[in-house]
Amino acid sequence: MSTIAAALRPVPFPSANVVRRDPTAQAFLLLRVAFTVAPILFGLDKFAGVLTDDWAKYLAPQFNALLPGTAHTGMYLVGAVEVVAGIVVAVAPRFGGVLVAAWLAGIIVNLLLVGGYGDIALRDFGLLIGALALSRLAYSTGTSAGAGVR
């Protein structure tokens, strides 16, 4: 099986027995749930505006010029992408972890271009590392996370 096909192949959740006894499976499950739920919630909030009343303030002018319509409309597109990324992590964490990491890299660049959000960019760098760890754990074999997820 090619590397791309392997990355896109759906991965079932580890069995309860595997999760109870294997710390690697526990870490995999924790990261998988977090990187499924967080992007979906952040994406939905682009429409609901619960966490902030102005997501557009986080959009760098350089990226705003690339998006269709206003910054506010662009954030709806961003929200839709985040929801899709969360769903991809749920189904195919090998690829989804890399997808979320790439998205976070874009967010980091965006925040650094906006200026004044270095603290959030640093936090997102930590999340990027976690997303890459999720992708690597999804490839685990033997008695670790892959043992109940093939």
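The values are calculated or read from the model by the stated rules, or taken from the named source; none is laboratory data. Given the structure is predicted, the values throughout are model-derived calculations rather than measurements. With ideal geometry, Cβ positions are generated from the backbone for all residues, glycine too; neighbour counts draw on all protein chains shown.
Screening segment 22-40 for residues that are surrounded by 11 or more Cβ atoms within 10 Å (Cβ to Cβ) and free of Cβ contacts under 8 Å to residues at least 12 places away in the same chain and picking the one that is nearest to Val89 (Cα to Cα) gives Val33. Taking the criterion of being of a type in the set (D, E, K, R) and farther than 30 Å from Ser2 by Cα, the only residue of segment 65-122 that qualifies is Asp119.
Of everything in segment 133-142, what is buried (at least 17 other Cβ atoms within 10 Å of the Cβ) and within 15 Å of the chain's Cα centre (by Cα)? Give them in sequence order. Result: Leu134, Ser135, Leu137, Ala138. The selection criterion, being modelled with pLDDT of 90 or more and more than 23 Å from Val98 (Cβ to Cβ), does not hold for Ala16. Within segment 62-81, is there a residue that is among the β-branched types (Val, Ile, Thr), farther than 18 Å from Leu128 by Cβ and in contact (Cβ under 8 Å) with a residue 40 or more places away in the chain? No. The set of residues in segment 82-97 that are surrounded by 19 or more Cβ atoms within 10 Å (Cβ to Cβ) and either farther than 18 Å from Leu41 by Cβ or touching a residue at least 60 places away in the same chain (Cβ under 8 Å) (or both) comprises Ala92, Pro93, Arg94, Phe95, Gly96, Gly97.
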